[in-house]
Amino acid sequence: MGVLSTYSGRISKLLSASGGRLKVIFHDFPGGAANFEAIARFCYNGGRINISPYNIDTLTCAAHFMKMNKSVSARKNLCERMEKSLEEIKSWGWSEVLGALKQCHDLCPEACSTSVIDKCSDSLISRIASSCEVSPCPSISSSDSSGIRLSCDTRSTESSKNSSFRTIWWFEDFLALDTSVIRALVKMMIARNFDHGIISRFLFYYQKARLVSAPADQKIKIMETVIDMLECLDIRLVSYKMLFHLLRVGVKLNLSTSSRDKIESMIGLQLDQATLDNLLVPSPVRTSYLYDVNLVLRLVKSFLSKGVCCVPLSRLKKVANVMDLYLAEVAPDPCLKTSKFFALMEALPESARDCYDGVYDAISLYLQVHSGLCEEQKMRLCLGLNYEKLSSGALNHLVQNPNFPPKLAVGALIWQQRKLRSLLFHSASKGSTSTSFSGGCVGGMEEEGEGSKQQQIVVYAKKVARHLGEKEMMEAAHLHLHLEGMQWRVVELEKVCRKMQVRMRKMMMMKKKKQMQKSTTRSNTRAMLPKLCS
């Protein structure tokens, strides 16, 4: 013990406290018994020891644990020897640095030397950087695009395949590293402006490869590490498809709510890139409906988190197109509640849709499957429709659709007529302006006969058909013929009503005339009675 005490501050302190007699048992000695033996040889060999990349981490941890520093031995202290050896790390091979870093984290975390970890991590990142050249990052279009990224050196003599390999050659080697090491390495890469697309590819590769053989608790730890690191990257350079894959895996592993919220936030911010297949995520185990509707609602909420005014209209319309497809996909689900279906329809503002035909088709399908809904529920569901943005074919189908409430069909017809009349009045007023100097009064709706009204309806139908295109001309023609027929029936009913009113007036006049005649006869008879009696 006397020899050990000349090099170790811990042994020296214990020995002085015990009065010369000492028996020490270290249950948590860094590197175990083999490493303690190496420390003892250093002390008994007069401060001589063989240091290599394969034992530098364990020796460094043991030297700090035994307090073998300058305060005990000024000339031959192991801590100083370790620091000088670490300065020669540039001469080590890639596998030696990688092995030293891995071995350092295999030790007890409390005994692990941060100097060794930092030196090895810095050496690994520098070696990856040395195989690349610093160049502007063309994939970033924001105000930070002046930053630099590390991209593969693509010389004219190299193929694109070799160029791609030079950016990912280190992926396989990093799989053996612990999640805590990965966190430190990724943060270092971000600080040195590595391409975020390459970093995200590695994180997905790491997650997929490590989950195959990892135990359940380690799987969650790996997932949380990957999610936290992805959140630090430029989300525009992260694979959108892989984010959904990560979400599905997270659902199966029952990740924490905070981790799932992070994934959903990253997905929601780029919802305009989603496809229908991406959104068709199966519902949780204890729910009855087919797809996870609540997830889609949360994604839309995340997409609009900064406000509708902050989202470009083009991106809003892309999301609306996908949402219309999603509505049509979930509408046949017999277990889907009306409130959830209505929430999906109302998730986006009206400005996101130029046409509501997709919403109408989805509602029609939903009402067909859920035939047991009451009238009030149907009316509430149909509040999500915008008549002004329905095509003529959809309006015509709505009027004849037995699944929709009659009140709604009547409302659609009334709106059609109002729109038609307003357009007719607008076109007629333009005509009156052009002919006012010749004394014409074409725009007066009251002075026009029924024939001229029908003629203007036909003219309007032709104009609308031109704008609709060839495919919808037949539908438009049927719709306007239907409107023309209704207009004609209204005119005929007005004529019948006028005739009945005239007849009623004549009958009233005849009745009054008869009553007047009877009263006159009675008064004459009463006047003659006294004369007859006398």
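The values are calculated or read from the model by the stated rules, or taken from the named source; none is laboratory data. Note that the structure is a prediction, hence the values are computed from the model and not measured. In this analysis, Cβ positions are derived from the backbone assuming ideal geometry, glycine residues included, and neighbour counts consider all displayed protein chains. These accessible areas exclude ligands, DNA and RNA; they are computed on the full protein's heavy atoms, side chains included. Shrake-Rupley method; radii C 1.70, N 1.55, O 1.52, S 1.80 Å.
By how many nm would the segment from H245 to R192 grow when fully extended, if each residue of separation counts as 0.36 nm and the alpha-carbon distance is taken off? Answer, rounded to one decimal: 16.3 nm.
Could you work out the local net charge near F342, counting Lys and Arg as +1, Asp and Glu as -1, over the other residues with Cβ closer than 12 Å to its Cβ? Here the charged neighbours net out to +3. Modelled spin-label separation between K221 and W169, with each label point placed 7 Å from Cα along the Cα-to-Cβ direction: 3.1 nm. Which pairs, out of K119/K187; K301/K340; K252/K337, put more than 18 Å between their alpha-carbon atoms? Where the Cα-Cα span goes over 18 Å, the pairs concerned are K252/K337.
Between A34 and V3, the contour length at 0.36 nm per residue exceeds the alpha carbon distance by 9.3 nm. Spin-label model, A214/M509: points 7 Å from Cα along the beta carbon direction are separated by 9.9 nm. Just add up the charged neighbours of S259: K/R +1, D/E -1, any other residue whose Cβ is under 9 Å from the Cβ of S259. Neighbourhood net charge equals -1. For Y291, the residues 5 or more places off, or on other chains, whose built amide H falls under 5 Å of its own are S283. Once the Kirkwood radius over Cα pairs is known for the range 31-100, the Stokes-Einstein relation at 20 °C and 1.002 mPa s delivers a diffusion coefficient of 172 µm²/s. With protein chains left intact and a 1.4 Å probe, residues in the range 224-324 average 48 Å² of accessible area per residue. Each residue, V410 and S314, gets one label point 7 Å from its Cα in the Cβ direction; the gap between the two is 4.7 nm. Counting 0.36 nm for each residue step from N386 to C497 and taking away their Cα separation leaves a gain of 36.4 nm.
With 26 Å as the limit on Cα-Cα distance, the pairs of K318/K407; K90/K221; K102/K219; K13/K102 that go past it are K318/K407; K90/K221; K13/K102.
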